[in-house]
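Data block below; observations after.
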Amino acid sequence: MTVSASTGDSPAIESRRQLVEWFESGSTPKSDWAIGTEHEKFAFTRDDLRPIPYEGERGVKTLLTELARRFDWEPVIENGNVIALTKDKCSVSLEPGGQIELSGAPLKNIHQTCGEVHTHLHEVREICDGLGIDMLGVGHNPKWAREDIPWMPKGRYAIMGEYMPKVGNLGLDMMLRTSTIQVNLDYASEADMVKKFRTSLALQPVATALFAASPFVDGKPSGFLSARSNVWTDTDPDRCGMLPFVFEDGFGFERYVDYMLDVPMYFVYRDGKYINAAGKSFRDFMDGKLDVLPGECPTMNDWSDHMTTAFPEVRLKKFLEMRGADGGPWKRICALPAFWVGLLYDDAALDAAWNLVSDLSTSEREALRNDVPRTALATKFKNGTVQDLSKEVLAIAKQGLKNRGRMDGYGDDESHFLDSLEDVAESGRTLAEEFLDKYETEWNGSVDPLFKEYAY
């Protein structure tokens, strides 16, 4: 989710064409393609494993304040509260339940991404050690109930929290109890965007399966290997899902604009305040008929903010955002961008990846997306399983990274960042299943050891 709503002067929206041009302006020459990696993690107090509040000596506010003081981050303030930090095109921000997110800078290769992650986790560790706090990377809070999670003081979250129960049963769980790893990737043109969107959307369940790391809810097995992914199936049908229209003839920027115009609004940001517009129509706003701002029409900043309120499995902004993976350990943070860069940033790899799934029907894509949260790599796919598919996909991604030829100081290319995923694909055993095995044996039916063994 965004650090803050857009601010400053912005052109008024006078035509639908401006909205299409907003996406067109994201087209980037291949030589300038970058990689932006985001990852969230749960912060908890070391002695009692509880989620940390915003206020207090061991709270989020203290954590952010100390990060800013000791490592030269610039605080972002909302209503007197520190709600994010920025530095060098990076940000550290808060999800609704206090999940700490690093939104990384646009970087040129995965080596740089891993360096960025290492620096961030080192800084966080230094502050957390002094506060008795740890961080855990999994897809769903394994222990605490929804009502035990403290809300963060961000205006947009209050609006979303009120609206979510009206449109789905698990929206509040999404906000308060899930975490993810995501990567943002560029497109060169509308045609390039379409090909990447279709390929990554169809293959998003493979990423969900490989990264499955959330088998526990409320302190016990949930029946899912990715409870986080399951949560999204009952959050809000108006703004989530597999977007069948992406695979229809003629799909492009204009069709996505139409989709976003039909996604109900959450808010409008004016003079440092969030105005509740939940459930209202952006089309009405363009016609000057938004009842909470009568007679006022939107600006391009309002459109940019609106882009952050849709949550499909792949999201289009001025880049493509891969959204299918659970939060996970350090190696997984580097593995996700390696997976998608290998598939999407090399032409031969992109063609090969699309050929694997180009013949799937809408119902087959939907079935794959709906089944993977429960059975991950064991999910049936054509005449085999998602495990079989994942091996093919990883082989393509690995060759794509080799073709890129981005070397580190030791002469190694980016393909070794896929090693942890190749281990999962070969064994057929996800991190979630590793957790479950330990839960049944050495953990003696408790999730508490998870917090200690897998903390950053």
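Roughly how big is segment 270-321's charge dipole about its Cα centre, with Cβ charges of +1 (Lys, Arg) and -1 (Asp, Glu), in debye to the nearest 20?
Value, rounded to 20: 80 debye.
For segment 55-123 and segment 262-322, what is the separation of their C-alpha centers, rounded to whole Å?
Each part's Cα centre sits 26 Å from the other's.
Sum up the charges of everything whose Cβ sits under 11 Å from the Cβ of PHE285, counting Lys and Arg as +1 and Asp and Glu as -1, but leave PHE285 out.
-2
What number, in percent, do you get for the relative contact order of the chain if the mean sequence gap of Cα pairs under 8 Å and at least 6 apart is divided by its residue count?
Result for the chain is 21 percent.
Among DSSP beta bridges whose residues both lie in the chain, state the antiparallel percentage, nearest 5.
Roughly 95 percent of the beta bridges in the chain run antiparallel, per DSSP.
So, in nm, how far is label ARG69 from label THR308 when the simple model puts each one 7 Å beyond its Cα toward the Cβ?
It works out to 2.7 nm between the two label points.
Compare the Cα positions of TYR345, VAL60, VAL206 along the charge dipole of the chain (+1 at Cβ of Lys, Arg; -1 at Cβ of Asp, Glu; about the Cα centre) and return the one farthest towards the positive end.
Ranked along the dipole, the leading option is VAL60.
What does the net charge come to around ASP413 if you take all other residues with beta carbon closer than 13 Å to its beta carbon, with K and R at +1 and D and E at -1?
-1
Can you order the peptides 151-161, 118-128, 12-22 by their average number of other Cβ atoms within 10 Å per residue, highest first?
Averaged packing, sorted descending, gives the order 151-161, 118-128, 12-22.
So if each residue of separation counts as 0.36 nm, and I subtract the Cα-Cα distance between ASP419 and GLU55, what length gain in nm does that give?
Full extension from ASP419 to GLU55 adds 127.0 nm.
Assuming 0.36 nm per residue, please report the length gained on full extension of the stretch ILE77 to ASP249 beyond their Cα-Cα distance.
Additional length available on full extension: 57.4 nm.
Once you charge only the Cβ atoms, +1 for Lys and Arg and -1 for Asp and Glu, what is the size of the charge dipole of the chain about its Cα centre, to the nearest 20 debye?
My answer is approximately 180 debye.
Please give every one of the lysines within straight-line cross-link reach of LYS220, meaning a C-alpha to C-alpha distance under 28 Å, and leave out same-chain neighbours fewer than 8 residues apart.
Answer for LYS220, where 28 Å is the Cα cut-off: LYS41, LYS143, LYS166, LYS331, LYS380, LYS438, LYS452, listed by chain and number.
For every other residue with a beta carbon closer than 12 angstrom to the beta carbon of PRO75, add +1 if it is Lys or Arg and -1 if Asp or Glu, then tell me the sum.
Here the charged neighbours net out to -1.
Bear in mind these aren't lab numbers, they're just calculated from the coordinates by the rules spelled out. Quick caveat, the model's predicted, so the values are computed rather than measured. Because the Cβ atoms are built from the backbone with ideal geometry, glycine has one as well, and the counts that use them run over all protein chains shown.
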